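Here's the structure we're looking at; comments come further down.
The values are calculated or read from the model by the stated rules, or taken from the named source; none is laboratory data. Since the structure is predicted, the reported quantities are computational estimates derived from the model, not experimental observations. Every residue, glycine as well, gets a Cβ built from its backbone with ideal geometry; the counts of neighbours run over all protein chains shown.
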Ligand SMILES: [Zn+2]
Ligand SMILES: [Zn+2]
């Protein structure tokens, strides 16, 4: 089999090929597989000419922002689909609602493609499953030893105590988080551990509704409800908003904080709650998959950094996926 980077991860066997999380429309493979709804991964929904597969949850999360989904088929957890001699099976990647990693089996061996992954149990998503494989294609967003996240419970406590102190000053705390995933986790943190009501920006609310439709309990008041304005004026609520909302920060009565794994590197008030694996999580996951080769991806310069650590610490061959195409043959 052959594994290569072509604005997406491609796995080929003889004449057949599949592409995973492609970022371009110009592709000529038999099928595309989408790991999750974040924009940098779900581009394939815009491709009409080849069939595409994702979880039902991912499709619903993508359509709330108006994306059309022609030539799409749902794929359930652990449901195998054959594309010629290539067999693809989704498993949980632990990142956001409906996120998948894909196990791709060919007569030459097995590839595990993680997409974005998280191995920690969160309030709304089960952790990523390690899978024994020959080749592991792993994300390296936080693929450097600098990234060691504190436990999610400690971060949650700090969020609640910060919100309390902002409210006591007569101002309103605003948590700016990714609208799919982290925003819902923040809401759950306040639901589970405090009596402070949560006001949700409308872009977050429409994602909340998808989480609710798939059986998750999230308590919030949409920002356009009258009750929300009243709670805000009495300084009796926290606001959860998408990451790139700046309009609130110009008003003196709001104090904003960013929620992201990048918090470890930011100057702005921020909390390192992440839906990604940190460096130790990545190394543990690789060990558990015991691959013969690890291809790093999706981490920019950290692709190289993570690969170096894998070779040194785990003694497994590793390099960034976009360096060269890899021909993998059984030994
Ligand atoms: Zn993501
Ligand atoms: Zn990503």
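Scanning region 118-140 for residues that are out of contact with any helix residue (DSSP H, G or I) (no Cβ under 7 Å at 6 or more places or on another chain) and within 16 Å of ligand 2 (Cβ to nearest atom) returns 118, 125, 137, 139. Does region 33-56 contain any residue that is assigned to a strand (DSSP E or B), within 16 Å of ligand 2 (Cβ to nearest atom) and under 27 Å from residue 292 (Cβ atoms)? Yes, there is a match, as at least one residue in region 33-56 is assigned to a strand (DSSP E or B), within 16 Å of ligand 2 (Cβ to nearest atom) and under 27 Å from residue 292 (Cβ atoms).
Of all residues in region 97-114, those satisfying the criterion of being buried (at least 24 other Cβ atoms within 10 Å of the Cβ) and within 16 Å of ligand 1 (Cβ to nearest atom) are 98, 99, 100, 101, 102, 113, 114. The residue that is surrounded by the fewest Cβ atoms within 10 Å (Cβ to Cβ), among those in region 116-156 that are touching a residue at least 60 places away in the same chain (Cβ under 8 Å) and not in a loop (DSSP other than H, G, I, E, B), is 152. For region 1-11, a residue qualifies if it is free of Cβ contacts under 8 Å to residues at least 60 places away in the same chain, more than 16 Å from ligand 2 (Cβ to nearest atom) and either within 20 Å of the chain's Cα centre (by Cα) or buried (at least 18 other Cβ atoms within 10 Å of the Cβ) (or both), and exactly one does: 10. Of all residues in region 12-23, those satisfying the criterion of being within 16 Å of ligand 2 (Cβ to nearest atom) and either outside the structural domain of residue 60 (by TED's automatic domain parsing) or part of a loop (DSSP other than H, G, I, E, B) (or both) are 21, 22, 23.
Only one of the numbered conditions (1) under 18 Å from the mean Cα position of the chain (by Cα); (2) modelled with pLDDT of 95 or more; (3) closer than 30 Å to residue 132 by Cα is violated by residue 289, and that is (1).
Which fully enclosed strands (runs of 3 or more DSSP E) of region 216-331 have 2 or more residues being touching a residue at least 40 places away in the same chain (Cβ under 8 Å)?
238-242, 254-259, 293-297
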